[in-house]
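The structure appears right after this line, and notes come after that.
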Number of protein chains: 2
Amino acid sequence: MKHKRVFIQEVATRDGFQNEAQFVDTEEKIALVDQLSKCGYAKIEVTSFTSPKAIPALLDAEAVMHRIRRQPGVIYTVLVPNIRGAERALSCGVDEVNLVMSVSESHNRTNLRMSREQSFAQLRDVIGVVKQTNIAVNVSLSTAMGCPMEGDIAEEEVLSWIQRFSDLGAHGVTLCDTTGMAFPSQVGALCEAARERFPALELTLHFHNTRGMALANTLAALPSGIDRFDASLGGLGGCPYAPGATGNVCTEELVHMLELDGYDTGVDLAGLLSASALLPQLIGHDVPSQLLKAGRRMDLHAMPAMSDDGLLAQRTFAAGA
Amino acid sequence: MKHKRVFIQEVATRDGFQNEAQFVDTEEKIALVDQLSKCGYAKIEVTSFTSPKAIPALLDAEAVMHRIRRQPGVIYTVLVPNIRGAERALSCGVDEVNLVMSVSESHNRTNLRMSREQSFAQLRDVIGVVKQTNIAVNVSLSTAMGCPMEGDIAEEEVLSWIQRFSDLGAHGVTLCDTTGMAFPSQVGALCEAARERFPALELTLHFHNTRGMALANTLAALPSGIDRFDASLGGLGGCPYAPGATGNVCTEELVHMLELDGYDTGVDLAGLLSASALLPQLIGHDVPSQLLKAGRRMDLHAMPAMSDDGLLAQRTFAAGA
């Protein structure tokens, strides 16, 4: 009873790795992207063409982009902060560039060291350059469901930033719950409003599980017709305002839930779990993914051994509910 | 815009502590229950009157029940496996007894070392004894959304067990997702069916976050009119089939989401967070609660210090979306 196609966009090698202290070897990055390319994603955000000084974790952006084996049907996108980044990205033949700014002034100044208008002007120039090619432009709007310094961002404010980038010709906009402040009824309302006002725009939702609500928020986004979600393998990613908290919504948990609920993600869950299992060795620590620990719901267990009377020979489990 | 009352039932001192290797001192248990009693819960499952040999973590059930300071308006319930347990519980003046069996034959044999019919006969006798008093009886049906050995349990099978206990005079039934196998559309359908067939029964949903879906499942249960949820402070609890995975749905995360969505839980979230912060010391390890790490969504942060030009003096955060 697959009733609706949902598109899954992987961000672990960009949004995940950029938060890691341990540098992931270039060969390992390439091998992971190649493995993920076989899993049925709609899009993979491979890396970021930011300054190697700002984000040393991704200083090998060119090498990675040049050497991955691209799978037909998968869109390979990269984060680009400015003209220089766009030129580097275009020279690698990316399918899409992803631009980013915050809808909150405080967060934009904190994260990008400039005002929102400065960011907008810079991104407008980038779009101008990229539009000379056939490369698609997506814009990720950070703090769309709340800013850790300012609190709520008015829905109209978010919509007006979508409008400005839509007017510049962006083919897609991602609404990012950068620090995990989104909650279901807010998500439902914002998605309804955005979907209605921008019916032709490719809209993506980008949730973080910082406060445990990422899957509930996904569920709240679906009724409006939202059909694209960013997610991060293993739940990699993070938030400087919540040390130790979980990061982006975990791809394998998102796919697991959506497929059980009858959505067709196109993604091979077994393949995801195999790939996710490799992450702890790459980054040097455990990952937030619960599904990796628990297995899929129908990965069943054998009954413990019984004695002759049909009862358990061994000590019972704690008699929990 | 508080639009609906939802009742929160705490299970950490029973379902949580029984899974802990480290014995929580009796005085500390009492202090925790007393602290929770001030937080606005509808019900607190204080302890379990099982054999101290089976669950040594709760061998102090009488002492705890006798010495907590009960708050008017809070129902103090306890888990009771058999007549002996019921007698012990009644001698402590509990408000309710909570009985437990699995709707899956394999899980009942594994967890309780007897067949479902043997469990039913035993619980029928317990209900007979308790019904001679004014004490209420709730029955928790384990594996109602799936059995880790058998897989799916037919909805009709679950409903038939509710029927049998309803016929015996149980005032409430809890549908337990014992090993975190529930998914949203399944939960919605089961809740609809149960709510429709048993309109007078007090129905509770008991979710585990084993595969990350506890809050999404909560969201899926609400439209049917379900208004009672078990939850565990800090997310304590566990599942022997998923070592290292998270346990019960985390009370503070559940309350945080419901209140943001406009539900009135009656629960003091700040009080919960204070109590949850004490858990790591009591049990000797970190707890799954993400909210405890991240804080509430509107616990805002100050902007980092700026230099004279209005830009950040310090190193920027990673430019993430």
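None of the figures in this text is laboratory data; all of them are computed from the coordinates on show. Bear in mind the structure is a predicted one, so any value in this text is a computation, not a measurement. Positions of Cβ are backbone-derived with ideal geometry, glycine not excepted, and every protein chain shown enters the neighbour counts.
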To test your reading of the geometry: what angle, between 0 and 90 degrees and rounded to tens, separates the Cα axis of helix A:26-37 from the longest principal axis of chain A? 70 degrees
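For the range B:4-294, go through all pairs of different Cα atoms, get the mean of 1/r, take its inverse, and jot down that Kirkwood value in Å. Provide the component values of the computation, followed by the final result.
Details: mean 1/r = 0.0535 Å⁻¹.
Result for the range B:4-294 stands at 18.7 Å.
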Given the rotation that superposes chain B on chain A, what residue of B brings its beta carbon nearest the axis, and what is the distance in Å? B:216, 2
In the Gaussian network model of chain A, springs joining C-alpha atoms below 10 Å, which of A:99, A:300, A:123 carries the largest mean-square fluctuation? A:300
3J(HN,Hα) from dihedral phi, the range B:147-156, Karplus parametrisation 6.51/-1.76/1.60, rounded to Hz, x for glycine, proline: 10, x, 9, 9, x, 5, 10, 4, 3, 5
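Per residue of A:13-19, how many C-beta atoms from partner chains lie within 10 Å of its own C-beta, taken as a mean? Kindly include the intermediate steps, with their values, before the conclusion.
Numbers: counts 0, 2, 3, 1, 0, 3, 3.
Shielding by partners across A:13-19 averages 2.
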Relative contact order for chain A using alpha-carbon pairs under 8 Å, separation at least 6, rounded to a whole percent? 19 percent
How big is the charge dipole of the protein assembly as shown about its Cα centre, in debye rounded to the nearest 20, if each Lys and Arg gets +1 on its Cβ and each Asp and Glu gets -1 on its Cβ? 120 debye
Could you list B:43, A:4 in order of exposure, starting from the residue whose Cβ has the fewest other Cβ atoms within 10 Å? A:4, B:43
For the range A:170-178, just list the computed ³J(HN,Hα) in residue order, Karplus coefficients 6.51, -1.76 and 1.60, θ = phi - 60°, integers in Hz, with x standing in for Gly and Pro. 4, 8, x, 9, 10, 8, 9, 8, 3
Post the alpha-carbon centroid distance, the range A:157-189 to the range A:68-107, in whole angstrom. 18 Å
Tell me the angle of helix B:251-260 to the major Cα principal axis of chain B, expressed in degrees between 0 and 90 and rounded to the nearest ten. 70 degrees
Calculate the dipole size of the range A:64-130 relative to its Cα centre from +1 charges on Lys and Arg beta carbons and -1 charges on Asp and Glu beta carbons; express the result in debye to the nearest 20. 260 debye
For the range A:120-130, Karplus couplings with θ = phi - 60° (6.51, -1.76, 1.60), whole Hz, Gly/Pro x: 4, 4, 5, 5, 4, 5, 4, 4, x, 5, 5
Please build a GNM for chain B, connecting alpha carbons under 10 Å apart, and tell me which residue among B:144, B:61, B:216 fluctuates the most. B:216
Tally the DSSP beta bridges in the protein assembly as shown and give the antiparallel ones as a percent, rounded to 5. 10 percent
Given 37 °C, 0.692 mPa s and a Kirkwood radius over Cα pairs, the Stokes-Einstein diffusion coefficient of the protein assembly as shown in µm²/s is 128 µm²/s
Rounded to a whole number, the mean other protein chain Cβ count within 10 angstrom for residues of B:147-155 is 3
Quick one: pull the percentage of alpha-carbon pairs in the range B:248-306 with a separation above 13 Å. 65 percent
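Neighbour counts of other C-beta atoms within 10 Å: give me A:213, B:65, A:181 arranged from fewest to most.
Numbers: A:213 32, B:65 22, A:181 28.
With the sparsest Cβ surroundings first, the list reads B:65, A:181, A:213.
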For residue B:149, residues with placed amide H under 5 Å, excluding near neighbours: A:301
Fraction of antiparallel bridges per DSSP, the range B:4-294 only, in percent to nearest 5: 5 percent
When B:208, B:171, B:107 are ranked with the fewest other C-beta atoms within 10 Å first, the list becomes B:171, B:107, B:208
Specify whether the C-alpha gyration tensor of the range A:217-283 places it in the rounded, prolate or oblate class, a ≥ b ≥ c being the square roots of the eigenvalues: rounded for a/c under 1.5, otherwise prolate if a/b is larger than b/c and oblate if not. oblate
Using only Cα atoms, figure out Rg for the range B:82-229 and give it as a multiple of 2.2 N^0.38 Å. 1.01
Taking Cα atoms only, helix A:269-283 is inclined relative to the longest principal axis of chain A by an angle, in degrees rounded to 10, of 80 degrees
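Rounded to the nearest 500, what is the 222 nm mean residue ellipticity of the protein assembly as shown from helices alone, with -39500 (n - 2.57) per DSSP H run of 4+ residues and division by all residues?
Working: 23 runs with 228 residues, N = 642.
Value at 222 nm, helices only: -10500 deg cm²/dmol.
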Amide H contacts under 5 Å for residue A:75, placed H, 5+ residues apart: A:43, A:44
Mind scanning A:293/B:38; B:38/B:131; A:4/A:53 and naming the pairs with a C-alpha gap bigger than 32 Å? A:293/B:38; A:4/A:53
What size of dipole, in debye to the nearest 20, comes out for the range B:4-294 about its Cα centre when the only charges are +1 on Lys and Arg C-beta atoms and -1 on Asp and Glu C-beta atoms? 500 debye
Sorted by chain and then number, the residues having a modelled amide H within less than 5 Å of the amide H of residue A:179, at least 5 places away or on another chain, are A:143
Would you mind telling me the antiparallel percentage of the DSSP bridges in the range A:148-285, rounded to 5? 10 percent
Cβ-based charge dipole, the range A:4-294, positive-most Cα from A:278, A:92, A:112: A:92
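How shielded is A:286-295 by partner chains, expressed as the average number of their Cβ atoms within 10 Å of its Cβ atoms?
Working: counts 1, 0, 3, 3, 12, 7, 3, 7, 16, 6.
Per residue, the number of nearby Cβ atoms from other chains is 6 on average.
So what are the range B:144-259's ellipsoid semi-axes, whole angstrom, largest first, if each one is the square root of 5 times an eigenvalue of the alpha-carbon gyration tensor? The partial results should precede the final answer.
Values: eigenvalues 98, 56, 31 Å².
Here the semi-axes work out to 22, 17, 13 Å.
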